[in-house]
1. State all residues of region 303-347 that are loosely packed, with under 14 Cβ neighbours inside 10 Å and not polar (S, T, N, Q); if no residue qualifies, say none.
2. Restricting to region 102-119, and then to whatever is outside any helix (DSSP H, G or I) and open to solvent by less than 40 Å² (accessible area, probe 1.4 Å), can you tell me which residue is farthest from Leu76 (Cα to Cα)?
3. Among the numbered criteria (1) out of contact with any Asp or Glu (no Cβ under 8 Å at 6 or more places or on another chain); (2) modelled with pLDDT of 85 or more; (3) within 21 Å of Arg107 (Cα to Cα), which one does Ser357 miss?
4. From the list Asn284, Asn262, Asn271, which one is closer than 28 Å to Phe155 by Cβ and either surrounded by fewer than 21 Cβ atoms within 10 Å (Cβ to Cβ) or among the β-branched types (Val, Ile, Thr) (or both)?
5. Residues in region 278-302 that are assigned to a helix (DSSP H, G or I), touching a residue at least 24 places away in the same chain (Cβ under 8 Å) and more than 29 Å from the chain's Cα centre (by Cα): how many?
6. Scan region 391-440 residue by residue and report those that are open to solvent by 80 Å² or more (accessible area, probe 1.4 Å) and among the aromatic types (Phe, Trp, Tyr).
7. Could you tell me how many of the residues in region 31-63 are in a loop (DSSP other than H, G, I, E, B) and either of a type in the set (A, V, I, L, M) or surrounded by fewer than 20 Cβ atoms within 10 Å (Cβ to Cβ) (or both)?
8. Condition test on Ala122, is it of a type in the set (A, V, I, L, M, F, W, C) and open to solvent by 30 Å² or more (accessible area, probe 1.4 Å)?
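The values are calculated or read from the model by the stated rules, or taken from the named source; none is laboratory data. Just so you know, these numbers come straight off a predicted model, no measurement behind them. Virtual Cβ from ideal backbone geometry, glycine too; neighbours counted across all protein chains shown. Heads up: the accessible areas ignore ligands, DNA and RNA and are worked out on the full protein's heavy atoms, side chains in. Shrake-Rupley method; radii C 1.70, N 1.55, O 1.52, S 1.80 Å.
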Amino acid sequence: MDEGIDTGPILYQCAGQVGGTLAENLSSEHNDITIIDTDEYKLRQLQEKYDLKTIQGHASHPNILKDAQAEDADVLIAATYSDEINILACQIAYVLFKTPNRIARIRSTDYIQESLKLFNPASIPIDYLISPEMIIAKNIFNLIEYPGALQFFIFSIDKISLVSLKISDSSIELIEHIILLLPESVINSGTRIAAILRNKTFINPQNSTHIEIGDEIFFITTIENVKLITNEFQKIEKPYKRIMIVGGGNIGAMLASTLEKNYQVKLIEKNQRRAAELAKKLKNTIVFYGNASNEELLVQEHIDQVEVFISITDNDEVNIMSAMLAKKMGAKKVLALIQRKAYVDLVQDGMIDIAISPQEATISSFLKYLGNTNVVNAFAIKNGIAEVLETVVKGDETTSQLIGREICDIKLPPGTIIGAIIRNSKIIFEHQYDLIQKNDHFIIFLTEKRFIKDIERLFEPNPFFL
C-alpha cells in the first residue's frame, strides 16, 4: 500500500461507531459521501449532523449498491461488523459496478493470515485491508515496549517515530531550553520536540518555551532514542515483566500471542469455551475463566504485582470499571479500550493511565489510504484533537509549490505546526534555514481537520504551477 487514493465520491458501508467517526472526518474535507446501513435511526442521526447521503439496506445487495450509485464512486469502504459481508460487497462492487478502489475491514485472524493469497485482483478484489484488532494490538504492544509513552507511531521511514509523554515529575524545573535536557547523543541524532499539548491546545515549541507539569510533549526521534527520552522527562520506569489482559477476543488473543514470547502474561476470559480455546492456542500464557471484577480472583493472581493491566473486552463499562478496580488494588499501570468518545474524555486524567480508542486507531488507517499520493501516513491523536500527517514533497521546481523555497516563505493554514522534516532518513534539526528539497518528508500537526485538503494541495505537483 504505497499510494493513497485521490478521492471523489465515497461509498461507505456501516454507520456504527467507526462509521460516525469516519463520516465526521471525511465530511469535514468536503467529500461526496454515501453511507449504507440497516439501522434507520443511526442513518438519520448522521444525516442530521453531516452533509452526506444515506441509504437503508444490506451493504452487499446489488440493488442497494446500485441505488447508492456504486458505478460512480471512486472508493468503496466496506466496514460492517461482518468480514463476509465486507468481502462480498467489495467483490460485487468490482464485478458489477467497476468501483476502482475497495477498502475492507477484516477482523478474523484466519483471513488475515492468508491475506496475500486471498485478497488480490485475481481472487478477491480488495485493494486495502484494514484490521482494527491488529492495529490496536500493535499499538498496545508498542506502549508496553516503551514504558512511559502515551502514544507511539512509526513513520514510513521505519527508524523514525513520534512518541508522546506527559510531564508528571514535579522535580523537573521550568527551563528555557527544553531540548537541552536530553543527552548529547540524542540531540545529535536530530531529535525534535514537535509540539506540546497543554490544556487541550497545541503549542508550537520555541527555544524559550517553558515546560509545565501536565504538559504532553510530542517528540520526533529515532526509535532507539525513545527510552532515553522517556527516562529523562519522567521518573525512570523499569521494563515491564508481568502483564494481565482482560478479554480473550481477537485483540486479546493477538496481544497475548505477541507478548508471551518475552513477558509473563495472564489472561482472564469470561466465556468458558473461549477460555478453553485460548488455553490450547497460547503456549506461554496462563488463561483463566472468570470475571475481572472478581476481587478474590485478582487478589489470588497477585494483582498488586501486575505492572500493566489491560482491559480490552467489547464492553466500555467493563473495561473502565475493571481497570479502575485493578488500579485501586495495586496494579502499576492500567490501560482500557474505550469506544465512546465521551467516556474517553471522562477518564483521561483519572485513575486510568491510558485510554485506547479503537476509532482513533482505525480512522488513522482509513485516512492514510484515502489521502492523496503525497500523504503516506495520517494519525488521529488525542481523541481527534489533531491530525498528524506525513507528507512527501514531489515534482520539481517547475511543478512544485515547495521545492527550492524556505519554510518561512510557505503559507500554511491556521493551526498548522511543522513538527520536523526528514531528509535521507535523517531528522533535520534546524530546518527553518533549509531550502525544501524533493522527497523531503514533512511531519505536520494539524488542529483544524478542514484544512487537510489544503495541505494535500500544497504538496501535490501541478503542471500549471508557475
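1. Once the filter is applied, which keeps residues that are loosely packed, with under 14 Cβ neighbours inside 10 Å and not polar (S, T, N, Q), region 303-347 yields Asp304, Asp314, Glu317, Lys328, Ala342, Asp345.
2. Ser108
3. Tallying (1) out of contact with any Asp or Glu (no Cβ under 8 Å at 6 or more places or on another chain); (2) modelled with pLDDT of 85 or more; (3) within 21 Å of Arg107 (Cα to Cα), Ser357 fails exactly one: (2).
4. Asn262
5. 4
6. The one that is open to solvent by 80 Å² or more (accessible area, probe 1.4 Å) and among the aromatic types (Phe, Trp, Tyr): Tyr433.
7. 10
8. yes
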